[in-house]
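Computed from the coordinates by the stated procedures, all read-outs in this text should not be read as laboratory data. Note that the structure is predicted; figures quoted are calculated from it, not measured. A quick note on method: Cβ atoms are made from the backbone with ideal geometry, for glycine too, and the neighbour counts reach across all protein chains shown.
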Ligand SMILES: NC(=O)c1ccc[n+]([C@@H]2O[C@H](COP(=O)([O-])OP(=O)(O)OC[C@H]3O[C@@H](n4cnc5c(N)ncnc54)[C@H](OP(=O)(O)O)[C@@H]3O)[C@@H](O)[C@H]2O)c1
């Protein structure tokens with residue numbers, strides 16, 4: 001199948017690195033006009049330059065998904081610049097692993113407000129446009145949205161929560177032609193682990209990840225592209241994609 005997103009508009013959150021950047025490049029490569037949002041505008045500019053260099057259409061917007069007004073403004077910029085939103089990719093996230101006992105609760109607040117509330121705010125803001133154009137919302141969840149592990153209680157809670165939110169949303173909007181897609185990657189080689197503040201948790205996940213062949217951000221981007229490039233009547237609701245070496 002050759003994916004064709006000509007005439008479509010996609011908004012990708014957390015597009016300054018990793019899976020979000022690769023997804024923005026992939027969607028633009030298939031012909032979509034892409035709005036890339038994140039807090040690090042210098043990194044966003046590099047992603048935008050890659051897209052325009054390959055002949056794509058892109059708009060970079062400074063976005064903090066934890067701020068509801070910032071999410072609404074990004075959707076408004078997408079509509080003003082490109083005329084609507086067909087695909088929302090809620091990808092922005094942080095994974096601040098560590099045990100519950102003695103945890104730094106600012107890590108918890110960051111994870112819940114970014115991974116869960118941020119995706120919820122963006123979904124609400126974009127939904128009228130997705131309904132109008134029979135679009136799709138892609139939630140970048142995780143294997144941690146299916147399996148909770150020691151040291152990942154709050155990260156898993158955000159991803160289980162995102163999956164629950166998405167299933168209820170699917171029931172609310174599928175009758176109006178909106179596709180809800182949950183993508184659940186296993187271990188992907190990105191910057192995600194670099195931000196972990198608990199030294200023990202960071203060392204443990206790095207050791208486990210480096211012992212296997214990890215997914216690349218582009219591997220996950222292909223899964224997103226596959227889901228959103230289907231004909232209007234096809235809803236790919238869930239994609240679980242692990243490195244073949246990942247047993248957990
Ligand atoms: N890597 C993995 O193994 C893995 C596995 C399963 C699922 N995932 C999920 O994949 C998603 C992307 O992660 P990644 O692996 O690509 O890591 P990454 O390279 O660290 O990317 C995370 C992105 O989220 C953005 N972000 C963080 N806080 C934000 C905020 N408040 N507002 C807007 N953007 C924000 C970051 O941009 P700024 O810092 O510039 O804002 C960055 O672009 C996450 O939801 C993660 O949970 C990753």
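Between segment 57-72 and segment 4-40, what is the separation of their alpha carbon centroids in Å?
Comparing the Cα centres of segment 57-72 and segment 4-40, I get a distance of 13 Å.
How much mean residue ellipticity at 222 nm does the chain get from its helices, if each DSSP H run of length 4 or more adds -39500 (n - 2.57) and you divide by all residues, to the nearest 500 deg cm²/dmol?
The helix-only estimate for the chain comes to -13500 deg cm²/dmol at 222 nm.
Sort 8, 134 so the one with the fewest other Cβ atoms within 10 Å of its own Cβ comes first.
Ordered from fewest to most neighbouring Cβ atoms within 10 Å, 8, 134 come out as 134, 8.
Among 203-209, 145-151, how do they line up from the highest to the lowest mean number of other beta-carbon atoms within 10 Å? Before the final figure, lay out each step's value.
Details: 203-209: 14.0, 145-151: 15.6.
In descending order of packing, they fall as 145-151, 203-209.
Residues of segment 184-206 with the amide nitrogen closer than 15 Å to a label point 7 Å from the Cα of residue 101, along Cα-to-Cβ, please.
Label zone hits: 200-201.
Please compute the alpha carbon radius of gyration of the chain, then divide it by the globular-protein estimate 2.2 N^0.38 Å. Two decimals is fine.
0.95
Nearest 10 degrees, 0 to 90: what angle lies between the long axis of helix 217-228 and the longest principal axis of the chain (Cα atoms)?
Here the helix axis deviates by roughly 40 degrees.
Can you pull the one-decimal nm distance between simple spin-label points at residue 132 and residue 233, each 7 Å off the Cα toward Cβ?
Taking the simple label geometry, residue 132 and residue 233 are separated by 2.7 nm.
If the label point is 7 Å along Cα→Cβ of residue 241, which residues in segment 187-211 have backbone nitrogen under 19 Å from it?
187-193, by backbone N distance to the label point.
Taking the chain as a Gaussian network, where each spring joins two C-alpha atoms under 10 Å apart, which residue of 65, 234, 36 fluctuates the most?
So, out of 65, 234, 36, the one fluctuating most is 234.
Compute the helix-to-body angle for 199-210: its Cα long axis versus the longest principal axis of the chain, expressed 0 to 90° and rounded to tens.
On a 0 to 90 degree scale, this one is about 70.
Pairs of Cα atoms under 8 Å, at least six residues apart: use those to get the relative contact order of segment 9-241, whole percent.
Relative contact order, segment 9-241: 21 percent.
Separation between the residue 69 and residue 226 pseudo-spin-labels, each 7 Å from Cα along Cα→Cβ, expressed in nm?
4.2
Could you give the nm distance between label points at residue 124 and residue 146, where each point is 7 Å from its Cα heading toward the beta carbon?
Simple spin-label model gives 3.0 nm for this pair.
Which order do 239, 196, 19 fall in if you start with the one that has the fewest other Cβ atoms within 10 Å?
239, 196, 19
What does the extension gain come out to for residue 203 and residue 81, with contour length at 0.36 nm per residue minus their alpha carbon separation?
Once the chain is fully extended between residue 203 and residue 81, it gains 39.6 nm.
Could you give the Stokes-Einstein D for segment 91-221 in µm² per second, using the C-alpha Kirkwood radius, 4 °C, 1.567 mPa s?
Numbers: Rh = 15.6 Å.
Diffusion coefficient, whole number: 83 µm²/s.
For the chain, find the longest principal axis of its Cα atoms and tell me its angle to the long axis of helix 18-29, 0 to 90°, nearest 10.
Orientation of helix 18-29: about 20 degrees from the principal axis.
Can you bin every Cα-Cα distance in segment 7-115 into 10 Å intervals starting at zero and give me the percent of pairs per bin, rounded to whole numbers?
16, 46, 25, 10, 3, 0
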